[in-house]
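One structure is given here, and the rest of the page talks about it.
The values are calculated or read from the model by the stated rules, or taken from the named source; none is laboratory data. Because the structure is predicted, anything quoted here is derived from the model rather than measured. A quick note on method: Cβ atoms are made from the backbone with ideal geometry, for glycine too, and the neighbour counts reach across all protein chains shown.
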Amino acid sequence: MRRWSSWVFGGLALLFAVWGISQYMAKQNLNTQLENGYQRAFYELTYNVESIETLLAQTAASNDPKQQINFFSDTWRQASAAQANLGQLPLSNLQLANIEKFISQVEAFSFASFRKAGQGSTIDDKSVKSLQGFAQQAKHLSESLDKMQPFFQQGPDWQGVQRATMAQVANAQGRKRPSEKGSLESNPIVKSFMMMEDGLKRYPDPDFEGNMLNFRERPRGFTGPKINRTRAVTEARKYLPPSKRNQQAKVVGTEKGDVPAYRVEVAPTQAEGRRGTRSWRTLMSISQKGGHLIWMLTERSVGTEKVSVADARARGEQYLRDLGFEGFEVLAADPVDGVVNCSYARKVGDVWIYPEEIRLQIALDNGEVMGYEAMNYLTFKGAVQAPSYPLTEAQARTKVNKRLKIERVRKAVILDDRFRQVATYEYKASMSKERFLVYINAVSGDEVKLIREVPGQTEII
């Protein structure tokens, strides 16, 4: 019996050893793949920024409209790629607002200039000045990225960067552990990005047509008197499902910026509800002026799907009606990982007012509204009334690509690339297996916007 037991325990020990080794090797392979992915994104970002610097200089020196169109197109493409590559690096916890702003501005400027050049406009002195300003900033970024190359000669450690930035967040929240002390300051990659970020502050913000980052729409929906913390909790409870309105709720912080707000946390009153798979908590942002809900997010595990996407969309509409939002109907639904993200917009008569949009996240296990985002609605509330439509639908239809099969049409007010409100005819159309939304200006007949449905993701309603 003992011999048999020893064989069993020996076999189990060997099995666990093999399992442990396989897990270790799998972890090592995963770490290597992560490092290689981060390193690829970094080198491609470096290439993108160097290309932007060269292209901007070439554009400023060129006198050929055709060449300028090509330069602007290439710059736009490189800026878009730079934005994507920067987003793939483990730097999300760092404040890199100036770097992100620069890349976004170059992308917007290049796109606007590309469209103007395509219409026969030449580069004026103002645009040349903007080009030169962007080129200086690109040179600063390019030189800074080049100086970081020696850090990777001994092998990259982007996961060390990730740990360092997480330590910074923990420190800011008063949760720094002794082992984390100095980890941010001692990481050369993090320090270089922070110096790069600070260096951009020396450069003036270029003023150019199409600069969406300088756009400021005065929020219209934050009406009412200033509220205190107690009132913020009371207002927050209104947006919760009935089963959670009597749970523990408190203000855990404030938010500054253009719209000051209270951060409210709601959690189970009973301790057992805060542990295990049934645990949950809800975070909410309530504006200090008027007590309006800006956003809400519930953190919990989502169980087996029992609610259809169509039912979830309907529940979202009912949720908004119960809160007093009349005339809102679903625009699009995006099911993912046990929830469906739905967009709703207000209708005035037969015209959809798309700027007044509210987004909900609805669980497919029980139909609970877990997420809410209404900044667009609160910004543009009441700004748009049902406009006139000089062109008839038949006249606008002639402007749609004849190869598209039109499935339905409706009137919609949208925002163009300058955040101007435009009355349009929206055509839901298809070509082969592809589906699109085409927006035709109801005044000029121009194609204002075209959106492609992503198969298996966003569902165009």
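Here are the numbers for the structure shown:
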{"item": "Scan of the stretch 399-420 for residues that are surrounded by 15 or more Cβ atoms within 10 Å (Cβ to Cβ), modelled with pLDDT of 85 or more and within 19 Å of LYS347 (Cβ to Cβ), ordered by number", "result": "VAL409, LYS411, ALA412, VAL413, ILE414"}
{"item": "Filter result for GLU197 (at pLDDT below 90 and either over 23 Å from GLN136 (Cα atoms) or surrounded by 14 or more Cβ atoms within 10 Å (Cβ to Cβ) (or both))", "result": "yes"}
{"item": "Output for the stretch 34-83, where each listed residue is more than 28 Å from ILE189 (Cα to Cα), touching a helix residue (DSSP H, G or I) at 6+ places or on another chain (Cβ under 6 Å) and without any contact (Cβ under 8 Å) to a residue 40 or more places away in the chain", "result": "GLN58, SER62, PHE71, ASP74"}
{"item": "Residue, nearest to LYS101 (Cα to Cα), within the stretch 148-159, restricted to residues that are at pLDDT 75 or above and surrounded by fewer than 13 Cβ atoms within 10 Å (Cβ to Cβ)", "result": "GLN149"}
{"item": "Only one of VAL8, VAL49 that is out of contact with any strand residue (DSSP E or B) (no Cβ under 9 Å at 6 or more places or on another chain), modelled with pLDDT under 85 and among the β-branched types (Val, Ile, Thr)", "result": "VAL8"}
{"item": "Failed item in (1) modelled with pLDDT under 90; (2) outside any strand (DSSP E or B); (3) not charged (D, E, K, R), with GLY367 passing the rest", "result": "(1)"}
{"item": "Filtered residue count, the stretch 80-132, keeping only those that are surrounded by 18 or more Cβ atoms within 10 Å (Cβ to Cβ), aliphatic (A, V, I, L, M) and within 16 Å of TYR47 (Cα to Cα)", "result": "7"}
{"item": "Residue within the stretch 295-310 that is out of contact with any Ser or Thr (no Cβ under 8 Å at 6 or more places or on another chain), part of a helix (DSSP H, G or I), modelled with pLDDT under 95 and not small (Gly, Ala, Ser) present", "result": "yes"}
{"item": "Residues of the stretch 369-398 that turn out to be among the charged types (D, E, K, R) and closer than 28 Å to PRO219 by Cβ, as a count", "result": "2"}
{"item": "Residue that is farthest from GLY324 (Cα to Cα), among those in the stretch 233-264 that are of a type outside the set (A, V, I, L, M, F, W, C) and in contact with a helix residue (DSSP H, G or I) (Cβ under 7 Å, 6 or more places away or on another chain)", "result": "LYS250"}
{"item": "Some residue of the stretch 378-398 being assigned to a strand (DSSP E or B), among the charged types (D, E, K, R), modelled with pLDDT of 90 or more and out of contact with any His (no Cβ under 6 Å at 6 or more places or on another chain)", "result": "no"}
{"item": "Failed item, numbered, when SER287 is tested on (1) farther than 23 Å from THR230 by Cβ; (2) in contact (Cβ under 8 Å) with a residue 40 or more places away in the chain", "result": "(1)"}
{"item": "Where a residue in the stretch 381-401 is more than 21 Å from GLN421 (Cβ to Cβ) and its partner, wherever it lies, is among the hydrophobic types (A, V, I, L, M, F, W, C) and modelled with pLDDT under 95, with Cβ under 6 Å and at least six apart", "result": "VAL400/VAL438"}
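Matching residues to (1) in contact with a strand residue (DSSP E or B) (Cβ under 6 Å, 6 or more places away or on another chain); (2) among the hydrophobic types (A, V, I, L, M, F, W, C); (3) without any contact (Cβ under 8 Å) to a residue 24 or more places away in the chain:
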residue	(1), (2), (3)
ASP258	no, no, no
ALA261	yes, yes, no
THR269	yes, no, yes
GLY324	no, no, yes
